[in-house]
Amino acid sequence: MIEIRDLSRTYGSGSNKAHVLHGIDMNIERGAFTAVLGKNGCGKSTLVRHINAILKPQRGSVRVDGMDTKDPRRLYDIREKAGIVFQDPDSQSVAATVEDDTAFAPENLGLSEDEISERVEAALRAAGIAELRKKSISELSGGQKQLTAVAGIIAMRPDYMIFDESTSMLDPLARSRVLECVMRLKRELDVSVIWITHYMDEAAAADRVVIINDGKIAADGTPEEVFSDIELIERCGLELPPCAQLCVMLKNAGYDVPRLALNAHDCALLISGMTAAAVKEREGAS
Amino acid sequence: MLRDITIGRYVERSSVLHSLDARSKIIGALLCSVLTLSCGSLLSMAAIAALTAAAAIVSRIPFNYILKGIKPIRWFVLFTAAVSIISADGEPIWQYGALRISAEGISAAALTSARLLLFVTSASLLTLTTPPVVLTDGFARLMRPLRRLRVPTDDIAMIISITLRSIPAFADEAERIMKAQRARGADLSRGGLITRARAVIPVAIPLFISVFRRADELSLAMDSRCYGKGTRTPRKKTHFGRNDLYCLIIMILFCGFLAIIEFYN
Amino acid sequence: MIELRNVSYSYRTISGSTAALENISAVLPSNKVTAVIGRTGSGKSTLMELIGGITAPDSGTVTVNGLDAGKCGSSIGFVFQYPEHQLFAETVYDDIACGPSNLGIRGDELEARVTEAAELTHIGKRLLRLAPFELSGGQKRLAALAGILAMKPSVLLLDEPAAGLDPSGRRLVFSIIRSLVSGAEDMTVVFVTHSMEDAAEHADEILVLNGGRKAAFGTPSRIFTDEKLLSGCGLGLPETVKLQKELYALGLDPGEMLDVPSAFGSVCEMLGRCGVSPKPKGNV
C-alpha cells in the first residue's frame, strides 16, 4: 500500500511562494487501477514523483509498503517497487536497442547475467514487444517507444507502475495499444497502476478516479461517483467523457435518466432501456 | 542538412564488422586516425583509404549513407585544402598574380583533405556499426585499468554513450526549431556577421532549453530505473572472438606495410 | 483558399527514397476550418510543410490564394506542435512582437499588432510581462499562436493545436480558431489532429490521409459516417458515432450524431418518436 500523509510542497519563497501540493492525504491499495486527473499544472506530476522518491516530501510523508521515501537506505528498494513511465517517448531510453534498454534497470540492480536475460525476456514478452528486441529504438514508432519504456520498468518486477501522461503524445491507435497492454499487465502480473491522463475515456475505464485541483484532492471515488458531480468537474477545468456529457444533457432537459453511462456501449443500453420502459408503460396503460 | 550527420547513429545490419568486439573496432578506428595523422605520403593515404573502403564494404552499410556523413564537413575540407594550396612553397605550375599553385601545394591539399575525410569516415563507421551501449561497454573495458587511479570509468563511459546517442536527436530538434523560426520570418542565412550571429539567438535559446528539458527528463527516467544504486553489472557486450584476432592481425600487418611505404618515401 | 494539384513528395533515406505523399489534389476553402487526419506516418506533417511553403513538392503545385506556396512568405502562418520551439524572447510581449518586427514593422503599428494578437488569444496584460518560460503549457501554446497571428496571415496552419492540453485549454484554442474564420477578413485554417472528436466537432471539412495518399475529403458528416473508410485508414470513430452504431445494433435509429450537441438533438428527437418525453421542468 502507498500511504501519503499531509503531503505539501511549495515553490519560491516570500510573497512569490506558491503551493504545488497542499496537504494531500490518500492511500493507494494494492491491485487497483487508479486514474489521476487534473488540468495542466495542478500538481499531479509533482504528486506521483513523490511516490518513487524522485521528490522527497517538504512536509508530510510518503510510505511505499511501509518504507519511508525520506529514508536514504530504502531509496532503491522503493524505486524498484514503484516505477514511472514518463510522457515523452523520445527522452526515456538509455540504450540503442530495445533489448539493451530493457536490461538497463536489471543491470543497475546488480543482478547476475542469467537473471538479467531472464527478466529482459519476460519483460519484453509481457509488454508484447518480443519481436522488436533487436530493433534500434530510433526506428520505433511513438507507441512502440512507450511500450519499450513499459518493458524497462517491468524488468524491475515492480508492484506499482506509475504512468505520467504516457499516452498524451501518441495517436489513438497507439494510445489504445499502450492502455490495453497496461490493463493486461495489471491482470496478469498483479501490478497496481497509477495512471495520470487528460483523456476522460481512459479515466472512465479505471477502478478509481482521483481529481487534483490547485494542489488538493478535489474528488476521489469510482468513475461513476466522480463524474456524476458535473459542477466539480467543470470547476476543475475538466470535462465528462462524451457519453456522460450526453447523459447529463438529457437529464437536465428533464428526461428520466437512471444513471450515468461512461462509454458508448453502456450509453446505448441506457437509452434503449429508456425507450423500452416507455413502451412497457404504454402497454400497461392500455 | 543537419539531419545528415551520421556520427552517433547506429544502423542495424548483419555484417562481420557489426559482430566484432567493440574494443577491436575502437582500437581500429583510433589506429586509423593515428595513422592518417602520422603518415605523410599520398601512397599511405591511398592504402588507408583502401582499408577504410574495405571496412565500409564489409559493414554492408549503404555507401551513400557514409558519404552523407561527409557532406556536413565538405566546406571545411575545401577550405583547409584551399589554405594548403595557397600557403605551400615550391615551383609554381600555374600562376595568377600573387596566387601560385605548385605540385607540392596540390599534394599537401590532397593530404589534408584525405586526413579529414578518413578521420570522419572511420569515426562514423565505428558508431554506425556499434550500438551505443556496446560502444560504452568497449570504452569502459578499455579504460578499466584507470579504475585503480579512482577514475569513475563506468560513469564516463555512460556519459560518452549518451552524448553520442543524443547528437542525431539534437540535430533533428535544431532543424525543427529552425523551421519554426523561419515560419516567423527569421532569416537565418543572410546579412553580415553580426546580423547572422543575432539570427542564431531564436534558434539557440529554444534548443538550449530543449536540451536541458530532455536531459532532465532522461535523468529522471534513469533515476526511476535505479541508476546510481552502485551495484551495476553491465551485461558483457563484448566477446573477443576469432574474427577479432584476424582483425588485429590485419591491423598489425597493415601498420608494418605502412611503415615500409613511409620508409621508402 | 489552398489548392493542391497532383502533389507528390518523397523523403530520401538510407535505403533510397520513400514516398511521403502521392498525387494529392484538393481545394481547401477560405473562411472554413479544415482538419487533416490520419495515422502517424500518413503524411500529415509533410502536407502541412508543403502548404506552408517550407518544403517544395517534387511534382504538382501548391497554391495559396492564387500564389505559389513557396512565395507567400508571411501571409501563411504556421504554428508548430511544440510552442517551446518558437518562444525565446525575454518577455511574452517581445516574443509576440518578434514575427511582425522581422517583417519590418515598427513603432505604433507593432504595438497595435501585439495588443490585437494578445486580445484574440486571451493573453492578459500580466502574462505579456512574464518570460515565456514561466507560462504553463496551455499559455505557451496561446503565446505561440499570438506570435503567428501578429503577422496577420491569411492562412493559418496548426500542427496538433490541442495536444497535451487539458479540456478547458482545448476548448479555448478551438474557440479562438472558430472566431478567426468567422471574422470578415479572408482566412483559411488548416489543422492536424489525432483526435476524431476534435475533428468532428471543430472542422468544416476533413481531409483523410492514408499511407501518403488522399483517402477522402469531405464534410464531417460524410467522413465520420463511413466506418469502413476510417477503419481502413487505421482511425477510430468519435465516441458519439460509436454510440450511434451501438444504438443501431439495438434496433434504434437516432440519425446523425457527430458530436455531443448533435447527438443530444438526435437522441431527443428519437426518444420523442419512441414516446419518451421529458418531465416538465421543476420536477428534476
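The values are calculated or read from the model by the stated rules, or taken from the named source; none is laboratory data. From a predicted model like this one, the values you see are computed outputs, not experimental measurements. FYI the Cβ positions are ideal-geometry reconstructions off the backbone, even for glycines, and counts take in every protein chain you see. All accessible areas refer to the heavy atoms of the entire protein, side chains included, with ligands and DNA or RNA removed. Shrake-Rupley method; radii C 1.70, N 1.55, O 1.52, S 1.80 Å.
Per residue, chain C reaches -11000 deg cm²/dmol at 222 nm when only DSSP H runs of four or more residues are counted, each adding -39500 (n - 2.57). Measuring heavy-atom accessible area with a 1.4 angstrom probe and counting protein chains only, the residues of segment C:166-184 that give up at least 40 Å² relative to the chain alone are C:D166, C:P167, C:R171. Within a straight-line Cα-Cα reach of under 19 Å, C:K125 can be paired with the following lysines, leaving aside sequence neighbours fewer than 8 residues apart in one chain: C:K140.
Computed log10 I(q)/I(0) for segment C:138-241 at 0.12, 0.20 Å⁻¹: -0.44, -1.10, from the Debye equation with unit scatterers placed on every C-alpha and solvent omitted. Taking trypsin sites (Lys or Arg not before Pro) in DSSP loop conformation with at most 13 other Cβ atoms inside 10 Å as exposed sites, chain A has its longest uninterrupted site-free stretch at A:135-258.
Quick check: the angle from helix C:239-249's long axis to the longest principal axis of chain C, C-alpha only, nearest 10 degrees? Once rounded, the angle reads 20 degrees. Applying the Karplus relation 6.51 cos²θ - 1.76 cosθ + 1.60 with θ = phi - 60° to segment A:254-260 yields 3J(HN,Hα) values of x, 6, 8, 9, x, 7, 9 Hz, where x marks Gly and Pro.
Carbon-plus-sulfur fraction of the accessible area of segment A:241-286, 1.4 Å probe, in percent? Please report the intermediate quantities before stating the final value.
Working: 1210 of 2220 Å².
Roughly 55 percent, rounded to a whole number.
Pairs of Cα atoms in segment B:1-153 fall into 5 Å distance bins, from 0 up to the last occupied one, in shares of 2, 9, 15, 17, 16, 13, 10, 8, 5, 3, 2, 1, 0 percent. Each stretch of four or more DSSP H residues adds -39500 (n - 2.57); spread over every residue of chain A, this sum gives -12500 deg cm²/dmol at 222 nm. Just to be sure I understand: with springs between alpha-carbon atoms less than 10 Å apart, which residue in A:Y255, A:Y76, A:Y160 has the highest mean-square fluctuation in the Gaussian network model of chain A? For chain A, modelled as a Gaussian network with Cα springs under 10 Å, the answer is A:Y255.
The dipole here belongs to segment C:238-277: it is taken about the Cα centre, uses +1 on the Cβ of Lys and Arg and -1 on the Cβ of Asp and Glu, and is about 100 debye. Under the combined filter of DSSP loop state and at most 13 neighbouring Cβ atoms within 10 Å, segment C:212-284 retains these trypsin sites (Lys or Arg not before Pro): C:K281. Figure note: C:M48, B:M178 ranked by solvent-accessible area, largest first, 1.4 Å probe, ligands and nucleic acids not counted: B:M178, C:M48. In straight-distance terms, cross-link reach from C:K71 covers every one of the lysines whose alpha-carbon lies under 19 Å from its own, apart from those fewer than eight places away in the same chain; here that gives B:K179, C:K152. So, with a 1.4 angstrom probe, what is the percent of accessible area on chain C that is carbon and sulfur? Result for chain C: 50 percent of the exposed heavy-atom area is carbon or sulfur. Computed from Cα positions, the angle between helix C:107-120 and the longest principal axis of chain C comes to roughly 20 degrees. I want to verify a result. In a Gaussian network model of chain C, Cα cutoff 10 Å, which of these has the top mean-square fluctuation: C:G272, C:G236, C:G164? Per the Cα network of chain C with a 10 Å cutoff, C:G272 tops the list.
Each DSSP beta bridge with both residues in the protein assembly as shown is either parallel or antiparallel, and the antiparallel ones are about 55%.
Rounded to the nearest 0.05, the FRET efficiency derived from the C-beta distance between B:E175 and C:A131 at R0 = 22 Å is 0.30. Ordering A:H265, B:L128, C:S30 by Cα displacement along the dipole of the protein assembly as shown toward the positive end leaves B:L128 in first place; charges were set at the Cβ atoms of Lys, Arg (+1) and Asp, Glu (-1). Note: relative contact order over chain B, using C-alpha pairs below 8 Å and six or more positions apart, is 30 percent. Extents of chain B, taken as max minus min of Cα coordinates on every principal axis and listed largest first, are 67, 58, 38 Å. Across segment C:2-234, the relative contact order, built from alpha-carbon pairs under 8 Å that are at least six residues apart, equals 28 percent. Which residue fluctuates the most in chain A, going by a Gaussian network model with Cα springs under 10 Å, if the choices are A:H22, A:H265, A:H50? Per the Cα network of chain A with a 10 Å cutoff, A:H265 tops the list.
Helix A:242-252 versus the longest principal axis of chain A: what is the Cα-based angle in degrees, 0 to 90, to the nearest 10? Helix A:242-252 and the main axis of chain A meet at about 30 degrees.
All alpha carbon pair distances within the protein assembly as shown were sorted into 20 Å bins beginning at 0; the resulting P(r) in whole percents reads 13, 40, 35, 10, 2, 0.
Below 22 Å, Cα to Cα, which lysines can B:K25 reach? Residues fewer than 8 away in the same chain don't count. Filter leaves A:K134, A:K135, B:K68, B:K236, B:K237.
Specify whether the C-alpha gyration tensor of chain C places it in the rounded, prolate or oblate class, a ≥ b ≥ c being the square roots of the eigenvalues: rounded for a/c under 1.5, otherwise prolate if a/b is larger than b/c and oblate if not. It is oblate, given that a/c is not under 1.5 and a/b is not larger than b/c. Here r is the Cβ-Cβ distance between A:A18 and C:A249 and R0 is 56 Å; the resulting FRET efficiency, rounded to 0.05, is 0.65.
Computed over the Cα atoms of segment A:2-223, pair by distinct pair, the Kirkwood hydrodynamic radius stands at 17.8 angstrom.
If amide H atoms are built 1.01 Å from N in the plane of the peptide, which residues on other chains or at least 5 residues away come under 5 Å of the amide H of A:K70? Amide H neighbours of A:K70: A:V62. Classify segment C:238-277 from the C-alpha gyration tensor, please: rounded if a/c falls under 1.5, else prolate or oblate depending on whether a/b exceeds b/c. Note, shape of segment C:238-277 comes out oblate. Here A:M67 sits with roughly 20 square angstrom of accessible surface, probe radius 1.4 Å.
Over segment A:241-286, the pair-distance histogram of Cα-Cα distances with 10 Å bins from zero comes to 29, 49, 19, 4 percent, rounded to whole numbers.
Buried surface between chains A and B: roughly 3000 Å² of accessible area, summed over both sides, computed with a 1.4 Å probe on protein heavy atoms only.
Rolled with a 1.4 Å probe across the full set of protein chains, the surface gives B:E91 an accessible area near 140 Å².
Pairs of alpha-carbon atoms within less than 8 angstrom and 6+ residues apart define the contacts here; what relative contact order does segment B:94-181 have, in percent? Mind showing how you got there, number by number?
Values: 25 pairs, mean separation 17.4, N = 88.
Result for segment B:94-181 is 20 percent.
Note on B:T233 and C:S75: the model spin-label points, each 7 Å out from Cα along the C-beta direction, lie 6.9 nm apart.
Let's see if you can work this out: charge +1 on each Lys and Arg Cβ, -1 on each Asp and Glu Cβ, no other charges. What is the dipole magnitude of segment C:51-127 about its Cα centre, in debye to the nearest 20? Numbers along the way, then the final one.
On the way: 5 positive and 11 negative charges, 17 e Å.
So the magnitude is around 80 debye.
Dipole size of the protein assembly as shown about its Cα centre, with +1 on Lys/Arg Cβ and -1 on Asp/Glu Cβ: approximately 1940 debye, rounded to the nearest 20. The modelled label-to-label distance for the pair A:M183/B:T195, using points 7 Å beyond Cα in the direction of Cβ, is 5.9 nm. If I take R0 = 25 Å and measure r between the Cβ atoms of A:M26 and A:R59 in this structure, what FRET efficiency does the formula 1/(1 + (r/R0)^6) give, to the nearest 0.05? It comes out at approximately 0.95. Taking θ as phi - 60° and the Karplus parameters 6.51, -1.76 and 1.60, the scalar couplings of segment C:162-170 work out to 10, 4, x, 8, 7, x, 5, x, 5 Hz in sequence order, x denoting glycine and proline. Rounded to whole numbers, the Karplus 3J(HN,Hα) couplings from phi for segment A:80-88 are 5, 7, 10, x, 10, 9, 8, 7, 7 Hz, using 6.51 cos²θ - 1.76 cosθ + 1.60 with θ = phi - 60°, and x at Gly and Pro. Quick one: accessible surface of B:T163, probe radius 1.4 Å, all protein chains present, in square angstrom to the nearest 10. Surface open to solvent at B:T163 totals about 80 Å².
A dipole drawn for segment A:2-223 from +1 and -1 charges on Cβ atoms has a positive end, and of A:T34, A:S138, A:M183 the residue lying farthest that way is A:T34. Between the residues B:L30, B:I209, B:N64, the greatest Cα displacement towards the positive end of the dipole of chain B, with unit charges on the Cβ of Lys, Arg, Asp and Glu, is found for B:I209.
Distance between the 7 Å Cα→Cβ label points at A:A285 and B:I57: 9.2 nm.
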